[in-house]
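Everything below concerns the one structure shown next.
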Amino acid sequence: MISMLDVLPPKTHSDAAYDVHSDNYRALVTRLHAEACMRGDTHYRDPATGYIVFTRLKHEMRGYCCKSGCRHCAYGYKKA
């Protein structure tokens with residue numbers, strides 16, 4: 001299965017194609033995370049920034065919360 005990560009180059013903050021506060025962006029990130037987890041991947045590339053984002057699987061493998069406010073924290077931590 002080809003993922004969006006395989007066909008899209010990393011984007012930058014200045015790329016107008018991604019509004020990181022939009023529902024569409026959140027839906028895309030949710031889908032990319034789900035696809036990565038289904039493949040057993042520990043990370044995926046954020047489409048807006050090109051940064052590596054750890055999946056829930058990676059956090060579970062670590063075994064504890066780092067309290068950094070990670071996007072897919074497996075322990076429910078929310079940074080204030």
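The values are calculated or read from the model by the stated rules, or taken from the named source; none is laboratory data. What you see is a predicted model; the values in this text were computed from it and never measured. When we count neighbours, we look across all protein chains shown, and the Cβ atoms used for this are built from the backbone with ideal geometry, even at glycine.
Listed values, structure above:
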| quantity | calculated |
| --- | --- |
| Residue check for residue 41: surrounded by 12 or more Cβ atoms within 10 Å (Cβ to Cβ), modelled with pLDDT of 95 or more, out of contact with any helix residue (DSSP H, G or I) (no Cβ under 6 Å at 6 or more places or on another chain) and part of a loop (DSSP other than H, G, I, E, B) | yes |
| Residue 27 vs. criteria modelled with pLDDT of 95 or more and not in a loop (DSSP other than H, G, I, E, B) | no |
| Among residues of the stretch 61-80, those that are surrounded by 12 or more Cβ atoms within 10 Å (Cβ to Cβ) and over 10 Å from the mean Cα position of the chain (by Cα), counted | 7 |
| Residue count, the stretch 44-60 (criterion: polar (S, T, N, Q) and either surrounded by 18 or more Cβ atoms within 10 Å (Cβ to Cβ) or in contact with a Ser or Thr (Cβ under 6 Å, 6 or more places away or on another chain) (or both)) | 1 |
